[in-house]
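Presented below is the structure to which this report refers.
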C-alpha cells in the first residue's frame, strides 16, 4: 500500500521530465513531424480543372521539390504566395489544394499567379491527414527519392526562404 502513496510523485516526475525534454529540443518553436525521414505518403488527390495533375510518381523523380498545402480561404497562403513563385524558379513546387472548392482555388490562382508545377485537390482532407497537416499553409521538402526531409508550418516569408528553406533544400540535394 505504501507504493500507492508514491504513485502521484512518480507521475509528476515523469511529466516533468517530458516537459523538460520538450523545452531543450533543437528548436522549441518548431513542431516535430513523424513524416520527416519517412517516405512521402501516397497522394490521394483529384485533378484541378485546367491544371497539370499531381501524381504520386512526381515525388520520386530524382529531384528535390516542395509540396505546399494551401487553400483560397487561407489568408497566410496569400502572404506566402510571392515566395512560392520565386522558389518555383529554382525547383518544382507542387500544390495540394486543401478542403477548397475548385472554382475558388482557380480564382485564387488566376488572381495571384500559379507557381505550381502540378496541383492536386484534397477536398476530403485525406491526403492532408496522411501527411499530418493540421493547419495551413504547410510546406514539405521532399528529396529525389520521395523522402520527406523537412516540414515548415506557417507562411513562407523571405527570411524563411533565406534562413530555413534554402539550407534545407541544399541538405536534401546532398546525398
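The values are calculated or read from the model by the stated rules, or taken from the named source; none is laboratory data. In this text, all values refer to a predicted model and were calculated from it rather than measured experimentally. In this analysis, Cβ positions are derived from the backbone assuming ideal geometry, glycine residues included, and neighbour counts consider all displayed protein chains.
Is there any pair linking a residue in segment 35-50 that is on the phi < 0 side of the Ramachandran plot and surrounded by 14 or more Cβ atoms within 10 Å (Cβ to Cβ) to one that is in a loop (DSSP other than H, G, I, E, B) and modelled with pLDDT under 95, with Cβ under 6 Å and at least six apart or on different chains, and which?
Listed by first residue and then by second, the contacts come to 35/132.
Out of (1) loosely packed, with under 15 Cβ neighbours inside 10 Å; (2) closer than 17 Å to residue 42 by Cα, the odd one out for residue 90 is which?
With (1) loosely packed, with under 15 Cβ neighbours inside 10 Å; (2) closer than 17 Å to residue 42 by Cα applied to residue 90, the lone miss is (2).
For segment 121-134, how many residues are closer than 19 Å to residue 76 by Cα and out of contact with any helix residue (DSSP H, G or I) (no Cβ under 9 Å at 6 or more places or on another chain)?
Final tally of qualifying residues: 3.
Spot the failing condition for residue 97; the list is (1) more than 14 Å from the chain's Cα centre (by Cα); (2) modelled with pLDDT of 95 or more, and only one is missed.
(1)
Residues in segment 53-76 that are under 16 Å from residue 108 (Cβ atoms) and in contact with a helix residue (DSSP H, G or I) (Cβ under 8 Å, 6 or more places away or on another chain): how many?
Count: 6.
What helices (runs of 4 or more DSSP H) lie completely within segment 38-145 and have 3 or more residues being closer than 29 Å to residue 174 by Cβ?
The qualifying helices (runs of 4 or more DSSP H) are 75-87, 126-131.
Test residue 80 against the criterion of being crowded, with 18+ Cβ neighbours inside 10 Å and modelled with pLDDT of 95 or more, and give yes or no.
On the way: crowded, with 18+ Cβ neighbours inside 10 Å: yes; modelled with pLDDT of 95 or more: yes.
It is true that residue 80 is crowded, with 18+ Cβ neighbours inside 10 Å and modelled with pLDDT of 95 or more.
When residue 164 is evaluated against the numbered criteria (1) in contact with a strand residue (DSSP E or B) (Cβ under 7 Å, 6 or more places away or on another chain); (2) closer than 17 Å to residue 81 by Cβ; (3) without any contact (Cβ under 8 Å) to a residue 60 or more places away in the chain; (4) surrounded by fewer than 21 Cβ atoms within 10 Å (Cβ to Cβ), which criterion, by number, is the only one it fails?
Condition (2) is where residue 164 drops out.
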